[in-house]
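Beneath this line is the structure, given in structure tokens, with notes to follow.
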Amino acid sequence: MKYAAIGCLAVLVLGVLIVGGAAVGAYNSLVALDQQVQQQWGQVQNTYQRRADLVPNLVETVKGAASFEKDTFTQVTEARAKAGQVTQQVAGAPPTSQADLDKFQQAQAQLGGALSRLMVVVEKYPDLKATQNFRDLQAQLEGTENRITVERQRYNEAAQGFNTKRQSFPTVLIAGFFGNRFDVKPYFKAQEGAETAPKVKF
């Protein structure tokens, strides 16, 4: 009887250790994957910030040759300001909902559209297109747009890795104990009506 009680106690302790170990392992893997998403979100923000930093120089360069295109310059400046405001709202951590990420993406798409309109204006000024300063800015902007696409894809991959683990059994049970700490991560999606990524045409 005594040995049976000790055996039952040992089995119970062993069961608690196994469950506890699984819970700790699940928690630690969620933390690691969450950090990957955070790090990749930082890269997304860095590339969008690089584009925003190029905008004033680009506008000033074009303004010198096309000073009467005031509406276009105003649209670019306003779109940059709006994108900056939305970026500040999600500074640090990735957006926690698809709606927040969509709002961020929409503001960035507006800036991309305004830049595309600016490039259409530039087509009217061959002398401007021939200047070294403009060509340098053009190359930097094109490279940044490509980098944005890459970083968004990498963010989606990190979010998918986190979401897959978070939704898997038994991790889904562990994640539920921590409230919003391990919410499902939203994805970047194509804008409505945009089957292809917007391109800056020079």
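Only the coordinates and a few stated rules stand behind these numbers; no lab work does. On a predicted model such as this, the values are computed, not experimentally measured, just so you know. For neighbour counting, all protein chains shown are included, and Cβ atoms are generated from backbone atoms with ideal geometry for every residue, glycine included.
Values as computed for the structure displayed
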{"read-out": "Segment 2-182 pair-distance distribution - Cα-Cα, 10 Å bins, rounded %", "value": "9, 27, 22, 15, 11, 8, 4, 3, 1, 0"}
{"read-out": "Charge-dipole axis of segment 2-182 as Lys and Arg at +1 and Asp and Glu at -1 on Cβ define it, positive-most pick from 140, 106, 12", "value": "12"}
{"read-out": "Segment residue 181-residue 154, length gained on full extension (0.36 nm per residue, minus Cα span)", "value": "7.6 nm"}
{"read-out": "Charge tally in the Cβ shell below 9 Å around residue 96, where Lys, Arg are +1 and Asp, Glu are -1, residue 96 excluded", "value": "-1"}
{"read-out": "For 155, 27, order by how many other beta-carbon atoms lie within 10 Å, fewest first", "value": "27, 155"}
{"read-out": "Two-site label geometry, residue 164 and residue 32: point separation in nm, points 7 Å out along Cα→Cβ", "value": "1.4"}
{"read-out": "Loop trypsin sites (Lys or Arg not before Pro), segment 64-140 (other Cβ atoms within 10 Å of the site Cβ: 14 or fewer; DSSP)", "value": "124"}
{"read-out": "Loop sites in segment 82-187: GluC sites (Glu not before Pro), DSSP, at most 15 other Cβ within 10 Å", "value": "123"}
